[in-house]
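Readers should treat all values here as calculations from the given coordinates under stated rules, not as data from a laboratory. Just so we're clear, the structure is a prediction, and the values are computed from it rather than from any experiment. Because the Cβ atoms are built from the backbone with ideal geometry, glycine has one as well, and the counts that use them run over all protein chains shown.
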Amino acid sequence: MAIAVAPPCDETQGRQGSGTCPSQTGTLIATVLGSSLAFVMGAIVNVALPQMQTDLGTDAAGLQWIVNSYLLPLSALVLVGSALGDRYGRKRFFMLGLWLYAAATVACVFAPGLEWLLAARAVQGLGAALIAPNSLAILADAFSGEERGKAVGSWAAAGAIAGAVAPLAGGVVVDWQNWRWAFAIVLPLAAAALAFGYRSIAESREDEEDCAPLDIPGAVLVTLGLGAAVYGLVALPESGFAAANLGALGLGLAALAGFVVVEHKKGQKAMLPLGIFGSRSFTGISLLTLLLYAALGALLVLLPLMLINAYGYSATGAGAAMLPFPLIMGLLSRRVGGLATKLGIRRTLTIGPVLVGAGFALMAIMNGPEASYWTGILPGLIVMALGMATSVAPLTTAVINAVADRFTGIASGVNNAISRTAGLIATALLGFVLTGGEADPQTLVSGFSQTAWVCSALAFGAAACVWFLVDESEVREGDR
C-alpha cells in the first residue's frame, strides 16, 4: 500500500507465555522497530514506483510485481510464521525475520535488474511474515496486566506515526537521491531492532499441546494457489486469455481448492480451521475485511502513481498529499472507538464502510483532468479516513468476540491474513488501469476514477455483509 494502514487484528495476535523478560523497555523498542519496517517500506516503495519503472525499464506488470512479490509470501505465510514462533521460539523467528528482511533490503539496494529486485522483495515478504505475528506475541509475553495494554498501545501508536511519516520521508529521499536510497534508509531501523532484540528479548514458546498448527501442506498449497492466480491476473491486460494465462489461473484455482480440502481434512489442526466460519458473524466480518481492504489497497497503490505520472507531482509532493489519511486515522481511531459502545458494533461497522464508500464516490465524481488535489482528491480522502478510523477498533473487537475463546488467536491471525490477501488481489487487478495509463496520463486519470467507483461498490458491499450477517449479541463486548 502507498501508506501504512495496519491490518485488522494486528493488536490481538500475542499469546501469553512465560511473563519474564530481561528488559521490557528494550523488548518494546525492538518489536516496535521490527514491525515498523513493514509499515515504512510499504509506504516508501509505492511513492518510488514511477522512478523505479523508468530506471528499470519495466512495464505495468513489472510495477505490480514489485508490490505483489512482497505481499504474496506475507499473505500466504503469516499464519505459518506465528505457528513457528509458538512451537520453536518467538525470539528465534522474530530475529530470523529481521535478518532476512535486512539482507533482502540490501539486495534491493544493489539489485541490477527487475528480476533480482523481485526476488529480494519476496525474501522481504518472507521476513515480514516471521516478524509481524511474533512481535506482538513477544510483547504479550514480556508484559502483563495493565502494562501489556500500554505496551500494545505504544506499539500501535508507533506504527501510526511510522505510517504518517513514511510517505513524505520516502518521497524526499527519492527526489534527493533515487529509489535505491529509499530502501537503504530502513537499514538503520533493522540494525537497531536486531541490537535491541538480542540484548533485551527473552525466548518464549507455547507448550506442545497449546501450539498453533504447523500446516506445511496447507502453506504450500495456498502459496502456489495465490502465486499462480496472481500471475494469471497480472498478465491478463497485455496478453488476454492466452493459454499460459488460463493455465496459471486454472492451476491457482485448483491449488486453492486443494488447500480448502486439506484444511477440511485436518480439522482443528489446520492452519485455517474452517469451522470458525460456522459463525455467521465471523464470516460477515471476514467478508468486510476482504472487500474493504481490497478497495483500500487498490486506491492507495494507484493514487501516488496518478499524482506523479498524470498531475506532475514530485515524489515528495505525492508523499505529502497522502498525509491526511494516516494522520486522521491515527488521531481519531482511538477517540471514535467509543461509538461502538453507544451504537453497537454492528451499526458502527456498517457506518464506517459506508463512509469509506462515500469517500471513494466523492473522488470518482470530483476527480478529472481539470480538477486539483484540493477539490478532486482531498475531500474524498478525508471522508475515507473518517470511515477507516470508525472501522478499525470495532473490527478488531468483533473478530475476537465472534468466536469461542480458544479460537481468538487463530481468528485474529486469519483476519490479518485476509486483509493482506485482499491487497494482493487488488494490486493484481490494477493492470487493466495501469496498462492504458502508460501511454496516456489522462487515461490514468480516467482509470483512477473508474477504479474509485469499483472501490466504492466494494466498500458498500462490505457494509452490507456486516448488516446482514453480523449478530450484535455475538460480537458485543461482554456478551460472550
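Points to keep in mind about this one:
- Magnitude of the charge dipole, segment 164-288, Cβ model with Lys/Arg +1 and Asp/Glu -1, debye to 20: 240 debye
- The chain: proportion of alpha-carbon pairs further apart than 42 angstrom, %: 9 percent
- Percent of Cα pairs exceeding the 25 Å cut-off, where the set is segment 1-209: 34 percent
- Taken over segment 278-480, the convex hull of the Cα atoms encloses 107 Å³ per residue.
- Percent breakdown of C-alpha pair distances by 5 Å bin, ordered from the shortest bin, for segment 214-272: 4, 23, 24, 17, 12, 9, 6, 3, 1
- In segment 365-480, the alpha-carbon atoms span a convex hull of 109 Å³ per residue.
- Counting all C-alpha pairs of segment 343-429, share separated by more than 18 Å (%): 59 percent
- Charged-residue dipole, Cβ positions (Lys, Arg, Asp, Glu), segment 350-480 about Cα centre, Debye nearest 20: 160 debye
- Burial ordering of Ser391, Ser473, Ser35, Ser23, fewest other beta-carbon atoms within 10 Å first: Ser473, Ser23, Ser35, Ser391
- Using Cβ point charges alone (K and R +1, D and E -1), the dipole size of the chain about the Cα centre works out to roughly 560 debye.
- For segment 181-307, the square roots a ≥ b ≥ c of the C-alpha gyration tensor eigenvalues yield an a/c of 1.5 or more together with a/b not exceeding b/c, which makes the shape oblate.
- Stokes-Einstein translational diffusion, segment 304-343 - Kirkwood Rh over all Cα pairs, 1.567 mPa s, 4 °C, in µm²/s: 108 µm²/s
- Sequence of Lys266, Lys150 once ranked by neighbouring C-beta atoms within 10 Å, starting from the fewest: Lys150, Lys266
- Charge dipole of the chain about the Cα centre (unit charges at C-beta), most positive-ward option of Asn401, Asn309, Ser286: Asn401
- Helices assigned as whole DSSP H runs in the chain whose Cα atoms extend at least 20 Å along their own long axis and whose mean Kyte-Doolittle hydropathy is -1.0 or higher are found at 24-56, 60-88, 90-109, 114-142, 145-176, 216-239, 243-266, 280-309, 345-366, 378-401, 408-429, 441-469.
- Gyration tensor verdict on segment 65-106 (Cα atoms; rounded if a/c is under 1.5, prolate if a/b is larger than b/c, oblate otherwise): oblate
- Helix-only CD estimate at 222 nm, as mean residue ellipticity for the chain, using -39500 (n - 2.57) per DSSP H run (n ≥ 4): -26500 deg cm²/dmol
- Multiplying each eigenvalue of the alpha-carbon gyration tensor of segment 112-212 by 5 and taking the square root yields semi-axes of 31, 19, 12 Å, largest first, rounded to whole angstroms.
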